Each structure stands twice: as structure tokens, then as C-alpha cells.
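The values are calculated or read from the model by the stated rules, or taken from the named source; none is laboratory data. Quick caveat: nothing in here was measured; it's all calculated off a predicted structure. Counting neighbours? That spans all protein chains shown, and the Cβs are built from the backbone with ideal geometry, glycine included. Areas reflect the complete protein model, heavy atoms only, side chains present, ligands, DNA and RNA absent. Shrake-Rupley method; radii C 1.70, N 1.55, O 1.52, S 1.80 Å.
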Amino acid sequence: MTLEIQNISKKYNRNKYGLKDFSITIEKGILGLLGPNGAGKSTLLKMIATVSKPTKGVIILNKNNIVKDANYMRKQLGFLPQDFGVYPNLNAFEFLEYIAAMKGIGGSNLKSKIEQLLDGLNLLDAARKPIGSYSGGMKQRVGIAQALLNDPKIVIFDEPTVGLDPEERVRFRNLISDLAQDCIVILSSHIVSDIDTIADQVAVMKNGSLLSYGNQEKLIKHVDQKVFSIIINKEQLGGFKNNQIVVSTSRKEGMLDVRYISETPVEHSIPQQANLEDAYLFLTKRN
Amino acid sequence: MKTFMSIIKFDYLQRTRSYSFLITLCISLAVAYTFVPEPNSSYSTIRISDYVGYYNAAWFGYVTAIMTSVFLSLVGFYLVNSGIKTDQVTKIGQITSATPASNFKYLFSKVFSNFLVLSTIVFIVFVMSILLFFLYNDGFPFELSQFIIPYVLIPIPAMFFIAVLAVVCEVLFKKYSVIQNISFFFLFSAMVFSTSPTENQFVLDPFGTKIVIHQMEESVKDILQVDEQTSLSIGYVLGNVEKPKKFEFNGMSFPISFLLSRIAWMLLSTILIIVISPFFHRFNTKDRLKIIGTTPKLFHKREVKEIVLSNLHKSEIDYGIFSLVKTELVLLFRKGKRWLWIINLIGMVLLAIIPIEIAYPLILPVLWFLQVHRLSEISSKEIYHNVHYFAFSSHKPLGRLLTSQLIAGITMILFLASPLLIRSIILKDFSSVGFIIMGSAFIVLLASALGILTKGKKLFEILFFIITYANINKIPLADYFGGLAHSSDYIVSLIIGTIALGIIGFLTRRYQLRK
């Protein structure tokens, strides 16, 4: 199974692009999409999910152009949008039945499958209550359940961990790893820790363009031997930030321990082991 | 004061920058164009016996001001009666409620914002009335004061009253939009049809139109040399074959009591806002009910489960639309409060027992109108509830989902009409049966097409109100369900119109999906 995105652009007006000449080939496994807000992650995911169409370019799934044949993708797609709603007067069970009907899923096993999903997401006790009374995390879990209704082969999760508590996040990561055995899973986030533990491949985006794509080791090579830490005082921090990419700061005995990225380290700096977050910040902030 | 002005300004900008407001403005312009009929047209708007005024500046100014006051009071309420609800949906209300702004300040800013929206439309109509004067000019001189005076004294205070009424209804009836609709419907009818025979009672007319109409009637009586009541028609009266005679109307000097009453209406409206301010919910509504209180076990589960993909049942393909229709019906029936179905049931009982001459032309359109909040979002609820990502990435959303919505809507509307349908079948009145089915398809397709076009529900709500109001007044052109006798041409036109609505809705949704 291969998903090829070839030179797609999304143009909003003469000068504004949501995505510009974006190309990537995605194989089975987990692709983590990283990028700051406004990078074009959701725009890309909506186009893959056939909700939106590219102004230019094609998206090929198993040699089928899904820009023209959207239903080919829809039959095997599980999509959790970043910002989705529910019908508050339906309960979780009815809502999932409704989504299943929209996806063209039915049969005698449907009810038990919905029960399995709700049970696995710890929603079975509340399944008969109107979704309007659910918390944000519960709604998010209903969203996850609907994405799995049709045994999808392509699963798209746009900022999926919003509203989930730490325990739920761990369970969700396990689920994604399980899904990735047979599917293409695309996961977007601007939180690096959501991606770094599970993604096989990582794509970093900014301003509608692809900055870098590859496995984590490849990305981290961008900042190899460029990450340092230094102890400075509070007053120096402002000037320091103007000249270096600061990754993090922490307090240490009245001073500040600053982790930063630089080609030419400041005197008295200590080299550090680079990680994905360093690479992400380096790629997105260097320009 | 600065924060107060800011709330008004941004609320006004937010509303007027919407697509639905643009459409409302266009419709207002089109309607305003008809306020003073073209000299050779076969309809009239204000006519006293066989008389209309000479087409001078006063006639244009006063007639358009009267028509604006009545027409915009009718539809304006529906245009602005969701300002607080919008703040609730967009969560702006929760932010506002955490600021030091008092209930009165917030509500009054909403009143002003409503008033500005309505005044914008009044201004557009005002400009149109001047253009009409130059378009149909009979050689009379242009007098700007004959336009400004009636507009300032008649529709502007009326719009303020409507702006207040919309806020009051939102505060008192909160989420019960159907009660707002019904209450206003009856209140408006009562205000329009109440007579004001004496000059003192003109002050009780919030629309400010009756004093001018009275003056016009007196002018005609002087010509006819009679004391008895003249026949007055206000609104769109079609089929005037005979050309009307002309009388001279040069405006009027308003008595001081009337002028004071216009200010008093605005002051009283403001006091009303002060009175209801303590009852404003300040967005402390029950968004999440029961679940925290009644099912604490959800948050303290001992056994935490996970999805095991290999254990999940395999899904089976089923491209039928029965499940979709079923859920669409559930959504329609559950919309609004359950006890409101008692009103529907009463309507259905009335359809079954009262004389068919009343049940068919009067009860049926009102009963269908009571479903306005259900129908208005029949094909736009995906967007309203932010479910469109699921809906539009589903399998064949156009052919399956849209069709299911239409089938569900027509089924519900026909269910409500079922007592009348059964009576008609028993009486072997199959033309009525056909007409009712056609009417149900028309109104559902109209709701769907307008919902898809505007991505909202306001336009349909306003239009459905006007249509129902016209139905009650037995205006033949608005009869979409066969309550009045019609020629075969009319029936063919209705069928073509219904099909056209279906095509418009279908093509627009297809365009939206492709985009």
C-alpha cells in the first residue's frame, strides 16, 4: 500500500498558499507530521481525506487518483479531524451507527463492533447518554471510535491527543502502533513528544512546504553536534535569544540553564545529545 | 462607555460580514423595489378604496416608510433574534460573562447591535425609495424632508422596539426558539390588526404606521364626501385590473403626543431591558448535564480497557440508506424540547376533528411552520454542528446523505399532516392528497436548498414565516400546499418550482463537495 502525494498546492488567493508544491510518498507504518500552527498540516490532511481538493497536483493511492475518485479513498479511510463536532441529541451508540451508515457499513456485526469499540475506549457506561453531556476527552474518544468503524487501511489523526489525559494518551499510542501493522497511519501534531515515541517517519512542515522528511535519525542529523547548553543569568537571556535558537530554559541555583542550537557555540557551552525536538525547532526556526 | 461601544461595533461587524446578511440585504432591496408599484403594474401596496396618492415625494416617502416598518418588523425579529445564542455557540459569551460587563450593559449592547443591523436595512430601503421616486417621477419636485421625516419617525423607533423584543425573547425563552417564534407571531398579528380609532390610541402603535394611514383615509373621505369607513388595503394585493384614482397626499404634521410616544416607546423598551437583566443566564447554562453527577464511576473505573484490533468484528459493506434515514428522523424528532411535541399533537388532533375548510388552509400551514427549527437546518446541520468532516468524507455524501435528509424531512412533515391526509383519502379528495404531498416536498426542498446555499438557517426561517403569514391571510401566491383553489397552471408551476429547488440544492451541494 502506497500513498503518493505529487506536487500538490492549495491556493486561497493570488498570493496566499495553504500548501505549495508538496510531494511525499507514504508507505505502511506511522507518519508523524510536525509543524507550527499554520504550517499546512490540516490542509494536507483534509486533502488526503478528500474533504478538500488541491488546486494543483495529484494524490495517488494504489495507482488510483483520489482527487478524481474520492470514493476509492473514502471506502478505506478513517479520519479524525482536528476540530469536529457531534450531534448533541444522539448518544454515542446512535452517533456511531449514523457514521457507519454514512460510510456504507452495516450488517449483523455492526452493533457488536460498536460495543467493542466503545468498551475498548471506556465509553460503554456512557454509551446511551446524549453526547451533548460528554466531556471534551469523551468526545475525542467517540471521534477515535468512528475512525475505526470501517476497518480502515488509511488512518488520519489530526491533533488526536487534544483533550486526552496522560493515561488515555498512552493507550492511544498503543492503539496507533497496533493499527500501523496493517495500515498507513498519518498523525499530525505540533507537540513533538506525541510523535517521537511512535512515528516511523517524520515530516516537518512550515508555511505550506515540506522542510524535511525521513526517519527520526535522519532528521536528528540536521542538528548533530549543534546542540549545547550553557549557564547564563536572567538578564543575558534576551540578548542570547536574539542570536541563538533557544530550545528550553530551566532554573538552576539562581541562574538559567539554557539549551540551544548553534553552528558556532558560545564559549563555556557544553555539547548535548540532539533529539527530535531540537531538530524540529532548528528546521522551523532557522529561517 | 468605550467597552460598550466596542461590543456593539464588533458584534455589528461580525453580523454584517456574514453571507446571510448580504442575501438579506439583496432581498430587502428587491422587496423595497416593489413598495411603490410601477405606474402600470397590476398590484397595489397601500390603497384606500379606489385611490392611491399622486406619485409625489410625500407618497414615496411615507408609503415606503410604512411598508418598511411593517415588513421589517415582521422579518427583522427573525433576523436578529439569535445574537445571544450565537455568543453561546461561539463561546464568546463565556468570555464576556467573565468580564466586569454587567448584564444590562451586555444586553443593551445586543439591543444596539440588533438596532444597527435593522437600521442598516432601513437605510438601504430609504435610498431605494429615493431612487424609485426618480424612476417613476410624475413631474413632482423632490423634497428630501418628505423622506427623512417619515423614516425617522416611523421605522426607526419601530426597529428599536423590535431590537429590544428580540433580546427580551432570547432572555426569557432562552433555548426555546420555537416559543420565541410562536410568541412573536401572535404578538405581531395582534399589533398589526389592533385598531386605533382615536388619535390618543395612535401612541399605542409601536410601528407608528396607523396615524399616517388614518390621515390618508381622511384625505380620501374628503374627496368621496363620506363619513363611513373606507376600504383600506395594506400589503401586496394582486390583480388590480382597474387603474386607481389619485388623491393628493402631501405628508402630515405629526401631533406632539405622537412624537413623544415614539420617544416613549424607545425609553420603555430600555426600561424593559433593565427589568429583565437580572433574569439573564449570563451563559451559565447546562452544557454538560447529568453525567458528572450521576455516573462518577466513569472517572473512577477500576478496569481500564484497550481496543484490541485483532478482536474487532470485520465490518460489512451496506450502501443502503435506511440507517441514514432512520437517524435523520431521530435527529428531526429529537430536535427541541420533547414537551413541544404536545403542541404538534394538539395540531394533529385539530387536523383530525375540526372542519376541513379550516383545518386544511389554516391549521396545516401553522403546524408545518412550527417545525421551522427542525426544517431550517435539515441540510446545514453538518456545518452548524461541525460534523461536516465526517459527512463530506463519507461514501457518496451527495446521493446518500442528502437524499436521506430529504426523505426524513418529507416523512416527518407528512406524518404531521397524516390526519388530514387520511380524511382526504376517506373523502376521495385525491387532488388534496397530491397537493399536500407536493407541499411537503416543496417546503422540505426549499429548506434544504436555502440551507445549502447560505450554510445557515436564517433565510429559510424568515421566508417560511412570511409564507405562513401569507397563508393565514389566504394570499394565493404563497399557497404551496393546496389550501386554496388553483388553476392547473399554478400546479404545474409549483411542481416545476419544487423540482428546481431540488436541482439547485443538489448542484450547490455537489459544487461545495468538489470545492
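Put simply, the range A:2-215 fits an ellipsoid with semi-axes of 29, 19, 16 Å; these come from the alpha carbon gyration tensor as the roots of five times its eigenvalues, largest first. With a Förster radius of 41 Å applied to the C-beta separation of residue B:339 and residue A:37, the computed FRET efficiency comes to 0.35.
Residue order by solvent-accessible surface for A:173, B:15 is A:173, B:15, largest first, with ligands and nucleic acids left out and a 1.4 Å probe.
Across peptide A:79-87, the mean count of Cβ atoms from other chains lying within 10 Å of each residue's own Cβ comes to 5.
Contour minus end-to-end for residue B:474 and residue B:510, with contour as 0.36 nm per residue of separation and end-to-end as the Cα-Cα distance? Numbers along the way, then the final one.
On the way: separation 36, 0.36 × 36 = 12.96 nm, distance 3.68 nm.
Additional length available on full extension: 9.3 nm.
Which order do B:279, A:95 take when ranked by solvent-accessible area (1.4 Å probe, heavy atoms of all protein chains), largest first?
Numbers: B:279 130, A:95 0 Å².
The residues order as B:279, A:95, largest area first.
For the protein assembly as shown, the antiparallel share of DSSP beta bridges with both residues in that region comes to about 65%. Compared with the dominant Cα axis of chain B, that is its longest principal axis, helix B:155-173 is turned about 30°.
Between beta-carbons, use under 14 Å as the cut-off and find the net charge around residue B:194, counting Lys and Arg +1, Asp and Glu -1.
Details: positive: B:210; negative: B:205.
That sum, taken over residues with Cβ under 14 Å, equals 0.
Give the average, rounded to an integer, of partner chain Cβ atoms located within 10 angstrom of each Cβ in B:390-402.
On the way: counts 15, 4, 8, 16, 13, 11, 5, 4, 0, 0, 3, 3, 0.
Across the residues of B:390-402, the mean count of other-chain Cβ atoms within 10 Å is 6.
Put the Cα centre of the range B:230-282 next to the Cα centre of the range A:230-255 and the gap is 70 Å. Between the listed residues B:356, B:10, B:321, the Cα displaced farthest toward the positive end of the dipole of chain B, a dipole computed from Cβ unit charges relative to the Cα centre, is found at B:321. Given their separation in residues at 0.36 nm each and the Cα-Cα distance between them, residue B:98 and residue B:30 gain 20.2 nm when the chain is fully extended.
In the calculated pair distance distribution of the range B:14-71, what percentage of Cα-Cα distances lie above 15 Å? Distances greater than 15 Å cover 57 percent of the Cα pairs. Each principal axis of the Cα cloud of the range A:221-285 was evaluated for its coordinate range; sorted largest first, these ranges are 33, 20, 19 Å.
Once the Cα atoms are used to define both axes, helix B:322-334 deviates from the longest principal axis of chain B by about 50 degrees. For the range B:2-279, a crude dipole built from +1 on the beta carbon of Lys and Arg and -1 on the beta carbon of Asp and Glu, taken about the Cα centre, is about 1400 debye to the nearest 20. The range A:105-177 and the range B:455-515 have Cα centres separated by 41 Å. Seen from residue A:32, the other residues with C-beta closer than 9 Å to its C-beta sum to a net charge of -3, counting Lys and Arg as +1 and Asp and Glu as -1.
Run the dipole for the range A:221-285 about the Cα centre, Lys and Arg Cβ at +1, Asp and Glu Cβ at -1, nothing else charged, and hand back the magnitude in debye, nearest 20. Walk me through the numbers on the way to the answer.
On the way: 8 positive and 8 negative charges, 31 e Å.
Using only the charged Cβ atoms, the result is roughly 140 debye.
Other residues lying with their Cβ under 11 Å from the Cβ of residue B:379 contribute a combined charge of +1, Lys and Arg counting +1, Asp and Glu -1. Take residue B:385: with every protein chain present and a 1.4 Å probe, its accessible area is about 40 Å².
For the peptides B:138-144, B:188-194, A:44-50, the ranking by packing is A:44-50, B:188-194, B:138-144, with the highest mean count of neighbouring Cβ atoms within 10 Å listed first.
Shown are B:325, A:202, whose ranking by accessible area with a 1.4 Å probe and every protein chain present, most to least, is B:325, A:202.
For chain A, the share of DSSP beta bridges that are antiparallel, to the nearest 5, is 65%.
Can you tell me the FRET efficiency between residue B:484 and residue A:68 if r is taken as the Cβ-Cβ distance and R0 is 41 Å, rounded to the nearest 0.05? The partial results should precede the final answer.
Working: r = 50 Å, r/R0 = 1.22.
E between residue B:484 and residue A:68, to the nearest 0.05, is 0.25.
For chain A, modelled as a GNM whose springs connect Cα atoms under 10 angstrom apart, the maximal fluctuation among A:71, A:13, A:89 occurs at A:13.
How much of the DSSP bridge set in chain B is antiparallel, in percent, rounded to the nearest 5?
On the way: 6 of 9 bridges.
The antiparallel proportion sits near 65 percent.
One-quarter of the Cα convex hull surface for the range A:1-99, in nm²? Walk me through the numbers on the way to the answer.
Working: hull surface 31.5 nm².
Projected over every direction and averaged, the Cα hull of the range A:1-99 covers 7.9 nm².
Helix B:19-33 and the longest principal axis of the Cα set of chain B meet at an angle near 30°. For chain A, a simple Cβ point-charge model (Lys and Arg +1, Asp and Glu -1, everything else neutral) yields a dipole of about 1180 debye relative to the Cα centre.
Just name one of B:512, A:71, A:187: the one whose Cα is farthest towards the positive end of the charge dipole of the protein assembly as shown (beta-carbon charges, Lys/Arg +1, Asp/Glu -1). With unit charges placed on the Cβ atoms, the residue in question is A:187.
Within the listed set A:94, A:267, A:217, the Gaussian network model of chain A (springs between alpha-carbon atoms below 10 Å) gives the highest mean-square fluctuation for A:267.
Quick one: what do you get for the range B:2-279 if you divide its Cα Rg by 2.2 N^0.38 Å? Write down the numbers at each step before the final one.
On the way: Rg = 19.9 Å, N = 278, 2.2 N^0.38 = 18.7 Å.
Compared with the compact-globule rule of thumb, the range B:2-279 sits at 1.07.
When only alpha carbons of the protein assembly as shown are considered, Rg and Dmax amount to 32.0, 109 Å. Farthest toward the positive end of the dipole of the range B:2-279, out of B:266, B:132, B:144, is the Cα of B:266, where the dipole comes from beta carbon charges about the Cα centre. When nucleic acids and ligands are ignored and a 1.4 Å probe is applied, residue B:43 ends up with an accessible area of around 50 Å².
Exposure check, 1.4 Å probe, all protein chains in place: residue B:390 carries approximately 10 Å² of accessible surface. State which entries of A:53/B:91; B:337/B:515; A:111/B:305; A:20/B:9 exceed 28 angstrom in Cα-Cα distance in the structure shown. Result: A:53/B:91; B:337/B:515; A:20/B:9 exceed 28 Å.
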